[in-house]
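Notes follow once the structure below has been shown.
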Amino acid sequence: MDTIYLIVLDGIGDRPIEKFGRKTPLEAAHTPILDKLVQMGINGAMNTIDIGVKPGSDTAHLALFGYDPRVHYSGRGPYEVAGIGMETVPGDICFRVNMGTVDEKMVVVDRRAGRVEDTSEYAKLLDGTEIDGVRFILKPGTAYRLGMIMRGKNLSSEITDVDPKEAGLTIKQAKARDGSKQAEFTAKVLNKFVELSHKKLNKLPSNQERVKKGELSANCLLVRGAGKYPDMEPFEEKYRLRACCIAGAGLYKGIARVLGMDVLEVAGATGKPDTNVRAKIEKAIAVKKDYDFVFVHIKAADSFGEDGDSDGKLKFIEKIDEAMVPLVGLPGAVVAVTADHSTPCELKGHSADDVPIVIVSPRVRDDDVEHFSERECAKGRLGHIKGEHVMPILLDIVGIAEKFGA
Ligand code: ZN
């Protein structure tokens, strides 16, 4: 059987930009390799979740892998904690946390505590704290981030965020979203923990030192994204495909781990603009014999979109393009290249705009599209699809789709 490659270029879609002559960064970029794939393949436009729905990266990926996020998604926390390799047990409530700076009135001064680069010290200080029979487990994530788990009885993920998500606002009290006793208890314990950790962090010598120097103190946990570890059928059982993930950023490794995919490490895969895209593609090709499904995630175009940096986005697209060379004409492979959502530079955030998709295999009915871009791919034979269609289409191309009917 051919190996399926699903290559997700995070946030690659965009909107017309005046200084590019109303082209998108993808249209303005020089992308001969992606264009070659488009000329060999079948092309289309895709909304990962649905038309008019602005996807999160997590929900978009679930949809692409064929898991309805409306059924399976309760919050980002579980994927973040899985992404940094934290072990969970059923009943755990998982969160993502930023180290932040608050003033004496608990108003957020900085949501990243001056971008502290390592949170090990804070995780060590607070890990293992117990309040009302609930244990808090913390582990450092990348830069100013942490993963956090609440472990105990009668906990619920139906609680609101502590993080107000904007500097200048007071940190919030977590509240029950559904009025249940479990959610009220969870919120109460979490609020106690946030208060206690603020006191402990204020006393930390390194923070007192920072204050003396006039620097931002990492004195508050900005907790958000409560989620229960989802109970989903592993990818391998659902599709009978041996699957692996090649990604730099934690969230995508986390999603892959939750679905039971092997997460392969690649030196130089950072999830940032300096990432070694070529090394990821070469790794993906090197493991072709070992896997039926290889998911490759490339993050940074999305980050440039979120920063509103259209020149940076264009340049990074060209870097991706160069790295794709080994995929052109790769024997024994079906190669799909797409995105999880658009991240227009003008919005500095996600949008519901559709994204391009190309699928390359000698077995597809190739079309006349010449360039990999939002508007060009939309003219292709694949038409306008949703994320939930991607896995069925790929399974059919490799010849293992189940027949519906006699
Ligand atoms: Zn994304």
Q: May I ask which residue of Ile51, Thr31, Ile17 lies farthest towards the positive end of the charge dipole of region 14-54, with charges of +1 (Lys, Arg) and -1 (Asp, Glu) on Cβ and the Cα centre as origin?
A: Ile17
**Q.** Within the chain, percent of DSSP bridges classed antiparallel, to nearest 5
**A.** 60
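Quote the charge dipole size of region 1-145 about the Cα centre in Debye, to the nearest 20; the model charges only the Cβ of Lys and Arg (+1) and of Asp and Glu (-1).
For region 1-145, the charge dipole is close to 500 debye.
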Q. Under a point-charge model restricted to the Cβ atoms of Lys and Arg (+1) and Asp and Glu (-1), what is the dipole moment magnitude of region 202-349 relative to its Cα centre, in debye to the nearest 20?
A. 500
**Q.** Cα lying deepest toward the dipole's positive end in the chain, options Gly168, Ile320, Tyr5, charges on Cβ
**A.** Gly168
**Q.** Of Lys124/Lys253; Lys124/Lys313; Lys19/Lys319, pairs whose Cα-Cα distance is over 30 Å
**A.** Lys124/Lys313
Q: Report the label-to-label distance for Asp118 and Val325 in nanometres (one decimal), using points 7 Å from each Cα along the Cα→Cβ vector.
A: 3.8
Q: Please compute the net charge surrounding Pro392, taking Lys and Arg as +1 and Asp and Glu as -1 over other residues with Cβ under 13 Å from its Cβ.
A: 0
Q | Listed residue pairs exceeding 25 Å between alpha carbons, taken from Lys280/Lys315; Lys283/Lys315; Lys192/Lys348; Lys288/Lys386; Lys54/Lys272; Lys299/Lys348 | A | Lys192/Lys348; Lys288/Lys386
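Where nothing but the Cβ of Lys and Arg (+1) and of Asp and Glu (-1) is charged, how large is the charge dipole of the chain around its Cα centre, in debye to the nearest 20? List each step's numbers first, then the result.
On the way: 57 positive and 61 negative charges, 228 e Å.
Taking the Cα centre of the chain as origin, the dipole is about 1100 debye.
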(Q) Only counting other Cβ atoms within 10 Å, I'd like Phe404, Phe304 sorted with the fewest neighbours first. (A) Phe404, Phe304
Q: Based on other C-beta atoms within 10 Å, arrange His389, His61 from fewest to most.
A: His389, His61
Q | Three-way shape label, region 96-146, alpha-carbon gyration tensor, a/c 1.5 | A | oblate
Q. Given a Förster distance of 60 angstrom, what is the FRET efficiency for Glu18 paired with Arg135, based on the Cβ-Cβ distance and rounded to 0.05?
A. 0.65
Q | At q = 0.08 Å⁻¹, base-10 log of I(q)/I(0) for the chain (Debye sum, equal scatterers on each alpha carbon) | A | -0.45
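Highest mean first, how do 69-81, 11-23, 100-112 rank when packing is the count of other Cβ atoms within 10 Å averaged over residues?
Values: 69-81: 22.2, 11-23: 18.8, 100-112: 17.0.
For the peptides 69-81, 11-23, 100-112, the packing ranking is 69-81, 11-23, 100-112.
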Q | Cα shape, region 13-146, gyration tensor, a/c 1.5 rule | A | prolate
Q) Based on the alpha carbon coordinates of region 1-68, what radius of gyration and maximum Cα-Cα distance (Dmax) apply, in Å? A) 14.5, 46
Q. Using the alpha-carbon centroid of each, what span in Å lies between region 319-354 and region 194-230?
A. 37
Q.
I want the local charge near Asp321. Using Cβ-Cβ distances under 10 Å, sum +1 for each Lys or Arg and -1 for each Asp or Glu among the other residues.
A. -1
**Q.** Net charge, Ile93 excluded, C-beta distance under 9 Å - Lys, Arg +1, Asp, Glu -1
**A.** +1
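How would you rank Val38, Val211, going from fewest to most other Cβ atoms within 10 Å of each one's own Cβ?
The most exposed by this proxy come first: Val211, Val38.
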Q | Spread of Cα-to-Cα distances over 5 Å intervals beginning at zero, given as percent, for region 164-306 | A | 2, 8, 12, 12, 12, 12, 14, 13, 9, 6, 2, 0
Q. Hey, what angle do you get for helix 277-286 against the long axis of the chain, alpha-carbon based, 0 to 90 degrees rounded to 10?
A. 70
Q | Lys/Arg +1, Asp/Glu -1 at C-beta; the chain dipole; positive extreme among Gly133, Gly152, Phe293 | A | Gly133
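Got the relative contact order for region 103-240 handy, in percent, Cα pairs under 8 Å and 6 or more residues apart?
Once normalised by length, the contact order is 22 percent.
Where a number appears in this text, it was derived from the coordinates with a stated rule and is not lab data. It should be emphasised that the depicted structure is a prediction, and the values quoted were computed from it without experimental measurement. Neighbour counts are summed over all protein chains in view; Cβ atoms, including those assigned to glycine, are modelled from backbone coordinates with ideal geometry.
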